[in-house]
Amino acid sequence: ACTGIENIDEAITLLEQNNWDLVAAINGVIPQENGILQSEYGGETIPGHAFDSASQPTPAPTPSSSAFRPVMPSRQIVERQPRMLDFRVEYRDKNVDVVLEDSCTVGEIKQILENELQIPVSKMLLKGWKTGDVEDSTVLKSLHLPKNNSLYVLTPDLPPPSSSSHAGALQESLNQNFMLIITHREVQREYNLNFSGSSTIQEVKRNVYDLTSIPVRHQLWEGWPTSATDDSMCLAESGLSYPCHRLTVGRRSSPAQTQEQSEEQSTDVHMVSDSDGDDFEDATEFGVDDGEVFGMASSALRKSPMMPENAENEGDALLQFTAEFSSRYGDCHPVFFIGSLEAAFQEAFYVKARDRKLLAIYLHHDESVLTNVFCSQMLCAESIVSYLSQNFITWAWDLTKDANRARFLTMCNRHFGSVVAQTIRTQKTDQFPLFLIIMGKRSSNEVLNVIQGNTTVDELMMRLMAAMEIFTAQQQEDIKDEDEREARENMKREQDEAYRLSLEADRAKREAHEREMAEQFRLEQIRKEQEEEREAIRLSLEQALPPEPKEENAEPVSKLRIRTPSGEFLERRFLASNKLQIVFDFVASKGFPWDEFKLLSTFPRRDDENVNCGNLPL
């Protein structure tokens, strides 16, 4: 009544997104001009699922026209310190909610889990990180995580737990949440409802009455366990499968009504679906007849499935998908990325800002009547193929098999959140194929748009171009931030290099000074050794000199007077029989060695060095 939303699946999705807060859900839908659902944290936007006002007709919107609206980045920056991260950790049949600051480490999460699960940290493997396995010392902020995260714990070294008592198991079941997938038989519609284990069967039936308008007394159920014999029994005691259980509900009819309904069904064979009938009336516009639309869509006529069931390696599964796609629709088709979804994220988002691209996820379903038309006429159009090849990384998956569908929903819940996974889960078969446009952001992956199969080439191209405009604007901001960051890093590197060169110059100067001092010390040592050697020679010569003769001596005596370079005079008497070498030794003993000084006679001038060491002349 307030929002004009008559699609129950869309309404339930909005309520689940707002934790079943009716006022918050209505306030999030009414301001259609901004297209952003406001959360309860005051200004924080919830990236992900938002419904375009243009896609909601005034009378009653249809699921086929709903799409993800681009969420523009907020211009107002609100500083929140510190940033809190929420983790939902699964271990066997237990869920543990952990709230930590992004400055904490992975090891601190394990310590909290050790207290909650009673599992030693050394025996615990924490999985589910989008970047692969991380170390315990890794800071959460460095992983660029979204606010809400899903992880799971593996304990390969621990044996399975022993069965607990019935009372303990019942108490644990009362605290669990059961997902009831309820099919409304008359309209072929599914409802995914969450109930706590303490809820009663009567409460479930009353809630179904609100959804289907079938009074409780007229409800005809299929799928309840045989132990569920009393409507006052709680779900934990009823024997439901955990965590999901399928049920079917219909209207209980009288025999007359049954006969009348059987006659009506024999004349009216069309099925009620969530999509408008107009989506299929003009299928011949695409060049296919009714036999091609309704006959070739059946997987029973396919030679082989698009993708093997329970494939261990996603790359091998996508190789078969590409080969089968080419054999069915020709070689002119988008280039599908061969590898896991995480590898596609790395290729599209975790590169330089200038090299980033949008990620397009094509979800195939062989049972849909739109698949053949969409693949052959839209997805294989040359304009679409060229545009996707230039601007997108295209990844594909086949949801025909239940195992492959469950596997993709698990990946979707891990990477995009429960809202997107719930949206894909509630899509009917005839609404496939789907085309998801994903844009990588700093801390999360945002779904810009979900394109359903009932579209045209022009509309598909227009939506791709609109997503590209949003991505280009974000990319320009990322490029600017990256350039500024690189400029800061370059400046820091230059400063570090200049500092390093300065240190090297100082070290070179210091080493040169040390070498100079060492050389001076070495020369000083040599000089001292030479002086000591000369002094030793001088003393030995002085001691070896014969005693000076007296003036009165029987032998002839010569008295020599020798002038030194400083002007001082040396006098000594020598015997006429003494050798000239004794004179040289005397002069050397006074500090004038004969290898450094010459002994000259004044008149006549003569160099006595060239004179043989004979007797001195008188």
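Quick one: count up the residues across the stretch 340-353 that are without any contact (Cβ under 8 Å) to a residue 40 or more places away in the chain and part of a loop (DSSP other than H, G, I, E, B). Here the count works out to 2. Against the list (1) in a strand (DSSP E or B); (2) at pLDDT below 70, the condition T248 fails is (2).
Entry remark, the stretch 113-126: residues being crowded, with 16+ Cβ neighbours inside 10 Å and under 16 Å from S137 (Cβ atoms) number 2 in total. Scanning the stretch 199-210 finds no residues that are at pLDDT 85 or above, touching a His at 6+ places or on another chain (Cβ under 6 Å) and surrounded by 14 or more Cβ atoms within 10 Å (Cβ to Cβ). The residue that is nearest to T155 (Cα to Cα), among those in the stretch 84-117 that are free of Cβ contacts under 8 Å to residues at least 60 places away in the same chain and either assigned to a loop (DSSP other than H, G, I, E, B) or touching a Pro at 6+ places or on another chain (Cβ under 6 Å) (or both), is C104.
Consider the stretch 413-457 and keep the residues that are under 22 Å from L145 (Cβ atoms) and of a type in the set (D, E, K, R). The one that is most open to solvent (accessible area, probe 1.4 Å) is R442. Take I526 and decide whether it is outside the structural domain of G440 (by the TED database) and modelled with pLDDT of 90 or more. Spelling it out, I526 is indeed outside the structural domain of G440 (by the TED database) and modelled with pLDDT of 90 or more.
Is the stretch 65-85 home to any residue that is farther than 25 Å from A25 by Cα, open to solvent by less than 30 Å² (accessible area, probe 1.4 Å) and modelled with pLDDT of 50 or more? I'd like the intermediate steps shown before the answer.
Our first condition is that a residue be farther than 25 Å from A25 by Cα; within the stretch 65-85, this holds for 79, 81-82.
Applying the additional criterion that residues be open to solvent by less than 30 Å² (accessible area, probe 1.4 Å) yields none.
No, because not a single residue in the stretch 65-85 is farther than 25 Å from A25 by Cα, open to solvent by less than 30 Å² (accessible area, probe 1.4 Å) and modelled with pLDDT of 50 or more.
Checking the condition closer than 25 Å to R356 by Cα, of a type in the set (G, A, S), touching a strand residue (DSSP E or B) at 6+ places or on another chain (Cβ under 6 Å) and open to solvent by less than 70 Å² (accessible area, probe 1.4 Å), which residue from A473, A467, A487 passes?
Numbers: A473 fails: touching a strand residue (DSSP E or B) at 6+ places or on another chain (Cβ under 6 Å); A487 fails: touching a strand residue (DSSP E or B) at 6+ places or on another chain (Cβ under 6 Å).
Going through A473, A467, A487 in turn, just one is closer than 25 Å to R356 by Cα, of a type in the set (G, A, S), touching a strand residue (DSSP E or B) at 6+ places or on another chain (Cβ under 6 Å) and open to solvent by less than 70 Å² (accessible area, probe 1.4 Å): A467.
The values are calculated or read from the model by the stated rules, or taken from the named source; none is laboratory data. None of these values were measured; they are calculated from a predicted model. Note that we place each Cβ from the backbone using ideal geometry, even for glycine, and neighbour counts take in every protein chain shown. Areas reflect the complete protein model, heavy atoms only, side chains present, ligands, DNA and RNA absent. Shrake-Rupley method; radii C 1.70, N 1.55, O 1.52, S 1.80 Å.
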